[in-house]
Amino acid sequence: MNKLLFFFLTTLSLNADAFGTVGGRVAHTAYSNAQSARSSPLFVATGINEDSLPSAVKNIEAKMAKAQKQREKYEAKLSAFNSKIADLENQKKQYLEGSSIADVMETNFVETTARSAVKAMMWRVVAGSVTFITTLKFSGNINYALKVVGSDFFSKAATMFIGERLMNKSSAGRKGGADAVGRSVAKALIWRVFAICNTLAVCFFVSKDFSMASKIAGSDAIFKTFLMIAYERVWAKVEWGKEYEIDFAI
């Protein structure tokens, strides 16, 4: 009886030890898993302090915030482009319905080389006719008048063409698809300074009479200044030879 009782107690003690060992191992494993999960970058606990987040998580959140700002920036740009395209579509519709490009939008333009050449040659015909009449009046000699006009024609046509191309590089005084009055006046005055010197030199070279050359150049200066302003105003209304520059800046 005593041996049987001893065996039972011994067996019970061994089972208790084994159970305690297994339970300890299970508890230890559960604790280790919990600690591992807490240290993982993907672990997020409700109500966790922001300062206690792992640096990897903070880095991801910073990149997410930066990406969000960039997305908002590009969305704003996309909206601006869509608005600009819609505006251009409306302007195109108005133009096709008969409005001039200058009426439907504020835009700059440049003149083609052909327009500058035609302007220079046509002005030379008009101005040459005036010079011929003036020279004939003061000299009374048709041959002298023809020599002056002939010498003037090609030199002034070439220089005016060059002047037109140089002036074309500046958009000052251009608005609503045409040259403003101020630009026309400025061009006429600038050209007149050169033209007076040119006419004076040619007349003196042909006649060797400075007094006559001064009279011809002086009378030309007054009349042709106003004539050229009128000439420029007429050309300002001519659309041929204008190339409009459509601005699409956002």
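Between Ser52 and Leu146, with labels modelled 7 Å along Cα→Cβ, what's the label distance in nm to one decimal, could you check?
Going from the Ser52 label point to the Leu146 one covers 11.1 nm.
Which entries of Lys119/Lys187; Lys156/Lys224; Lys175/Lys242; Lys156/Lys237 show an alpha-carbon separation above 21 angstrom in the structure shown?
Lys156/Lys237
Could I have the simple spin-label model distance between Val126 and Leu166, label points 7 Å from Cα toward Cβ, reported in nm to one decimal?
2.2
Using all C-alpha to C-alpha distances in the stretch 52-99, build P(r) with 5 Å bins and read off the rounded percent in each one.
Once binned at 5 Å, the Cα pair distances of the stretch 52-99 give 5, 19, 11, 11, 11, 8, 9, 7, 6, 5, 4, 3, 2, 1.
Pop the C-beta distance of Gln70 and Tyr244 into the FRET formula with R0 = 41 Å and round what comes out to the nearest 0.05.
0.70
So which trypsin sites (Lys or Arg not before Pro) in the stretch 123-178 are both in a DSSP loop and have at most 12 other Cβ atoms within 10 Å of their Cβ? The partial results should precede the final answer.
Working: sites: Arg124, Lys137, Lys147, Lys156, Arg165, Lys169, Arg174, Lys175; in loops: Lys169.
Here the trypsin sites (Lys or Arg not before Pro) that fit, given the DSSP loop and packing criteria, are Lys169.
Hey, got a sec? Which trypsin sites (Lys or Arg not before Pro) in the stretch 182-230 land in a DSSP loop and have at most 12 other Cβ atoms within 10 Å?
Working: sites: Arg183, Lys187, Arg192, Lys208, Lys215, Lys224; in loops: Lys208.
Listed in order of number, the matching sites are Lys208.
Sketch the reach of a paramagnetic label on Val234 as a point 7 Å from Cα along Cα-to-Cβ, and name the residues of the stretch 127-147 whose backbone nitrogen lies under 11 Å away.
Residues 127 qualify, since their backbone N sits under 11 Å from the label point.
Could you check the spin-label model distance between Ala221 and Ile190? Points 7 Å from the Cα along Cα→Cβ, value in nm.
1.9
Read the figures in this text as sums done on the coordinates, not as results from a lab. Everything numeric here is computed off the predicted structure, so don't read it as measured data. All Cβ positions, glycine included, derive from the backbone under ideal geometry; neighbour counts span all protein chains shown.
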